[in-house]
Amino acid sequence: MDRSKIISSVSDSIVWWIGERKKKFEGLSHESMTLNPFLVPILSEMHGLDAPELLADFALIGHFATGHATGFGKFIDEKVLPKVFGTTKLTRKFRSDNPPFSEACFDEIDHIVRHADGSVSLLSLKASKWTIQLSMAVQLNKAFSEILRLKSVGRLDFARIRVGVIYGHDDGLTDKYDILRGINRGAKHEVHDLRSHVEIITGRSLWQWLNNGELQTQQWLLEGILSGIAASRISNGAIKPCVDHFRANFIRANRKFVGVDGRLDWARMLCEINP
């Protein structure tokens, strides 16, 4: 896809996604976030969180950041790849209608990617180098081995399995990405050597690969995101007032934990959260 189409399509998708995030903010109540009464005193000591306002800013940033990261990963997976790059998302309906994709091993495959030369790849999408832990790496190896067995008996045809990492670079990947391909470094895990069939593709290379080798694809993706942010200000309005309202309610609710000395009363917080 060319630059203008990618920018336009990504921009439209971003406007939609920011609108969805705004709806989520508008429906949030401060009760949706629970503090860990054992951890918060430690964080307070480490970060100087000695007032409800400071505690609110620290806690809310962490709370929202996790939700944003999860939501954005889902957005890339379910909207950007199919809509912008024409992949086939393995939805529940697609899998049920297209055996053998209904089999459990395809739980680890997110997309079918069809290339300009007519070849097909299976894509397992990951957010970053930290996305997979040891147990998942071993499970991926097992699932990929079963998919390759299905290929060997003629139940489906594809060129390669690729594990795509949305951002980062190859040198920064953890050893879990080696393990999923069957490469043991140090400890021995029960994995099959799949290096001839499974490739890791990361960051710029992933976006280039999705767009038939166009090196500038990730720049165009970013341009579309920035364009969508600007357009969202007009169509969705400002989100910050929603965040400010949430913050104010959170601070108000937690003022009851301020003791007579003006400091946060951790014992009272514990009894309130764990009655």
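Less than 15 Å from a label point 7 Å out along the Cα-to-Cβ axis of D50: which backbone N atoms in segment 258-275 qualify, by residue?
The answer is 258-266, whose backbone nitrogens lie closer than 15 Å to the label point.
At 20 °C and 1.002 mPa s, grab the translational diffusion coefficient of segment 193-275 from Stokes-Einstein with a Kirkwood Rh over Cα pairs, rounded to a whole number in µm² per second. Don't jump to the answer; show the numbers that get you there.
Values: Rh = 18.3 Å.
Stokes-Einstein gives a translational diffusion coefficient of 117 µm²/s.
Under a 10 Å cutoff between Cα atoms, tell me which one of L123, L35, L156 has the largest fluctuation in the Gaussian network model of the chain.
L35
Most fluctuating residue of N211, N254, N36 in a GNM of the chain with Cα springs under 10 Å: which is it?
N36
Sorting S13, S96 on the 10 Å Cβ count, fewest up front, what's the list? Mind dumping the intermediate values first?
Numbers: S13 19, S96 10.
The fewest-first ordering by Cβ neighbours comes to S96, S13.
Taking neighbour counts of Cβ atoms within 10 Å as a proxy for exposure, in what order, fewest first, do I76, I229, I7 appear? Walk me through the intermediate numbers first.
Numbers: I76 17, I229 13, I7 22.
Fewest-to-most Cβ neighbours within 10 Å comes out as I229, I76, I7.
Among V40, V138, V80, which one moves the most in a GNM of the chain with springs linking Cα atoms closer than 10 Å?
Between V40, V138, V80, it is V40 that shows the largest mean-square fluctuation.
Whose amide H sits under 5 Å from the amide H of S124, counting only residues 5 or more places off or on another chain, with H placed in the peptide plane?
Here D110, R162, V163, G164 satisfy the definition.
Expressed as a whole number of Å, what is the distance separating the alpha-carbon centroids of segment 179-196 and segment 213-275?
Result: 41 Å between the Cα centres.
For segment 87-202, what's the radius of gyration and Dmax over Cα atoms, in angstrom?
Answer for segment 87-202, Rg first and Dmax second: 13.9, 42 Å.
Student exercise: in segment 87-202, how many lysine pairs 8 or more apart or on different chains have Cα atoms under 19 Å apart? Write out the running numbers ahead of the final one.
Working: K89/K126; K126/K142; K126/K176; K129/K176; K142/K151; K142/K176; K142/K188; K176/K188.
Taking the Cα cut-off of 19 Å, the pair count is 8.
Give the range of the longest stretch in the chain that excludes all trypsin sites (Lys or Arg not before Pro) found in loop regions by DSSP and having at most 14 other beta-carbon atoms within 10 Å. List each step's numbers first, then the result.
Working: sites that count: R155, R185, K188, R195, R263.
Longest run free of exposed loop sites: 1-154.
Applying the Karplus parametrisation 6.51 cos²θ - 1.76 cosθ + 1.60 with θ = phi - 60° to the phi angles of segment 232-244, what ³J(HN,Hα) value in whole Hz is obtained for each residue in order, glycine and proline being reported as x?
3J(HN,Hα) across segment 232-244, in whole Hz: 5, 4, 7, 7, 9, x, 6, 9, 4, x, 5, 5, 4.
Need the list of lysines near K256 for cross-linking: C-alpha distance under 28 angstrom, and skip anything on the same chain fewer than eight residues off.
Qualifying lysines at Cα under 28 Å: K24, K240.
Just so you know, all these numbers are worked out from the coordinates, no wet-lab data involved. None of the values given here were measured: they were computed from a predicted structure. Using ideal geometry, Cβ is built from the backbone for each residue, glycine included, and neighbour counts are taken over all protein chains shown.
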